[in-house]
Each structure stands twice: as C-alpha cells, then as structure tokens.
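First comes the structure, then the notes that go with it.
The values are calculated or read from the model by the stated rules, or taken from the named source; none is laboratory data. Just so it is clear, the structure is predicted and the values come from calculations on it, not from any experiment. No Cβ is skipped: glycine too gets one built from the backbone with ideal geometry, and neighbour counts run over all protein chains shown. In case anyone asks, the SASA skips ligands and DNA or RNA and just uses the protein heavy atoms, side chains included. Shrake-Rupley method; radii C 1.70, N 1.55, O 1.52, S 1.80 Å.
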Amino acid sequence: MDNFKDSKNCKTGKQSIMCNVKSCRYNMETEHSCSLSEIQVAPKKGNCSQTEDESLCSSYRCKNC
C-alpha cells in the first residue's frame, strides 16, 4: 500500500488521514484523504493475520447508500 505524505502537515504537527477507499462517502479522491477529523479503527472479526488486513475503518460509510 502506498503511503502519501503531506509535508505541510508534518511541519505543523498536524496529522492527516490518508485514504484510497473510493466507495466511502468521506473519501476525497483528488487528495487521497478522508474528510473526517478522526476515525475509529477496529479489528476484523475472526482475523488474526498480523497484516494490515486484520483491521478496518469502522467509520466507513458507503458513498452510494
């Protein structure tokens, strides 16, 4: 997975939420970021893979639902 860095936010001490989930209503596609100021990350039930697919964004909401 690609990591996008915003040097402006790094210098000012702000954190940003980078996201490429185009089906989420909070995704800002042109900036590859999330419009929420914070998100909830949760474990996937029954998954103990010790890789990034073990967790998910619980703040996800379907864009077209």
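Remarks
- Check on CYS10, surrounded by 10 or more Cβ atoms within 10 Å (Cβ to Cβ) and at pLDDT 95 or above: no
- Hits in region 44-58 (condition: surrounded by 10 or more Cβ atoms within 10 Å (Cβ to Cβ) and assigned to a helix (DSSP H, G or I)): GLU54
- Filter result (closer than 15 Å to SER59 by Cβ and open to solvent by less than 100 Å² (accessible area, probe 1.4 Å)) within region 28-43: MET28, SER33, CYS34, SER35, LEU36, ILE39, VAL41, ALA42
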